[in-house]
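Below: the structure, in structure tokens.
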């Protein structure tokens, strides 16, 4: 069969080459490539309150690349003299308690009443399977996200609360150097995250719900001892009486705990984040606590204790990283893991062998 295009009647026709196809990569992209910043560029930008440079510095702090970590530590060191001038508030609560909605309302209230600048550092849980995080807290803080005096930064927990705690502390230093005088730290809301956040804030606020079936589930010794204030959310409409009853139960439970080191008696209040009810009373409590602990010297004492805690935590993290990054240990890990799985060694023997080998290598 002869195709029409091969017919003799078409011999006089010429097929043009056509139009040259554009490149798949935008040629103007190189013009907009981010300029590499020096340590001085970062520090000067942060101190001037440049949000773009502050965001890039926080990304640097969160990076796991050694070269980024070295630059980040220099930036933090130079920002330290400009820090320690904020009120740090940790906010925790059970899942669904309305932490993000409450932060949106609280943030607007403190900015409108007290002025200044507010940074919100939200620790987002990472998936154990995919290691990814949604980082969607900003979408639930609609009003605060567009406020010129607010900076919202969600960070992934990446499965390591110790690591994220250190990075959050370093981010606090950067935010303070950038002029943020109020800092909210929202916890993951599970397990040890409350302890990590408690070790870096001045006031720890615990959000609880009423009418969930068992209010006593919320009365846990660990979280109750850490809380400087407890607030019952969704105290509106048909839920108002249940919220008041839950508040009364929490107040009764607080009598069974020893007095706090600060001398402050935690208060239990009800409010509605959705309707904006009781917000003033919550912040009167927070600032009443700050005035109280500043007057009796506990505020500075707690800051010093937190600095000491940070030092020991940094030592532990550095030792852990040094162990896992040791090439000799890395070569042994898979073999020892296999022996444990096959039942040839116990976990304790395998761990001891790895530690002995590690200490042998660092002695040489």
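Every number in this text was worked out from the coordinates using simple rules, so none of it is lab data. The structure presented is a predicted model; accordingly, all values stated were derived computationally and were not measured. Note: ideal-geometry Cβ built from the backbone for every residue, glycine included; neighbour counts use all protein chains shown.
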What length, rounded to one decimal in nm, is gained on full extension from residue 281 through to residue 314, with 0.36 nm per residue of separation minus their alpha-carbon distance?
-> 8.1 nm
Which FRET efficiency value, to the nearest 0.05, do you get for residue 65 and residue 363 by plugging their Cβ-Cβ distance into 1/(1 + (r/R0)^6) with R0 = 30 Å?
-> 0.55
Computed FRET efficiency, Cβ-Cβ of residue 251 and residue 24, R0 41 Å: what is it to the nearest 0.05?
-> 0.05
Between residue 73 and residue 322, 0.36 nm times their residue separation minus their Cα-Cα distance comes to what?
-> 87.9 nm
Compare the peptides 96-103, 70-77, 311-318, 169-176 by average per-residue count of other Cβ atoms within 10 angstrom and give them in order, highest first.
-> 169-176, 96-103, 70-77, 311-318
Any chance you could run the full-extension gain for residue 225 through residue 17? It's 0.36 nm times the residue separation minus the Cα-Cα distance, nm to one decimal.
-> 67.1 nm
Could you check the simple spin-label distance between residue 341 and residue 7, using points 7 Å along Cα→Cβ, in nm with one decimal?
-> 6.9
